[in-house]
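This report refers to the structure that appears directly beneath it.
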Amino acid sequence: MTAASWALQRSIYQALVNSSELTTLLGGDRIYSDAPPATPFPYITLGQTVNQDWSTGTEDGLEHSLTLHVWSRASGSIEVHEIIQVIRMVLHNQALSSRIIIWSISATSTPRRGSMRTARPCTVSCAIAR
């Protein structure tokens with residue numbers, strides 16, 4: 001993981017934890033890189049980060065895509081979509097630091113069969129100058 005990726009994860013985590021609307025939906029600041037055993041639902045985990053060179057002929061840069069997973073046991077997907085909507089509201093087009101700008105958030109629905117957990121990945125993309 002690059003220093004910029006680590007800075008991105010810290011900035012996203014801080015922005016999400018500081019959202020009173022999100023922590024209310026989650027029942028606390030339940031945002032983890034790896035959720036502890038028996039963590040109450042719902043919660044969010046930070047997933048994979050993918051880095052791609054975003055350099056031009058005159059500027060260096062990286063594009064970072066970070067996947068956030070929303071975990072829920074609620075029947076249906078209303079709770080998950082409410083959480084994703086707040087994540088979008090908190091992160092969309094927000095400068096998380098002087099060098100990190102969120103420019104795209106997309107969500108997909110991918111329930112896991114045979115599991116009480118339901119993951120709804122939400123991919124956060126941003127551009128970071130090196």
Practice problem: Using a Förster distance of 41 angstrom, determine the FRET efficiency expected from the C-beta separation of Asp29 and Thr56, and round it to 0.05. | Solution: 0.60
Self-check item: Cα shape, the stretch 1-94, gyration tensor, a/c 1.5 rule
Solution: prolate
Practice problem: Note down the nm distance, to one decimal, between modelled labels 7 Å out along Cα→Cβ at Gln14 and at His92. | Solution: 2.4
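A short reminder: the numbers here are calculations on the coordinates, not readings from a lab. Quantities reported herein were computed from a predicted structural model and do not represent experimental measurements. With ideal geometry, Cβ positions are generated from the backbone for all residues, glycine too; neighbour counts draw on all protein chains shown.
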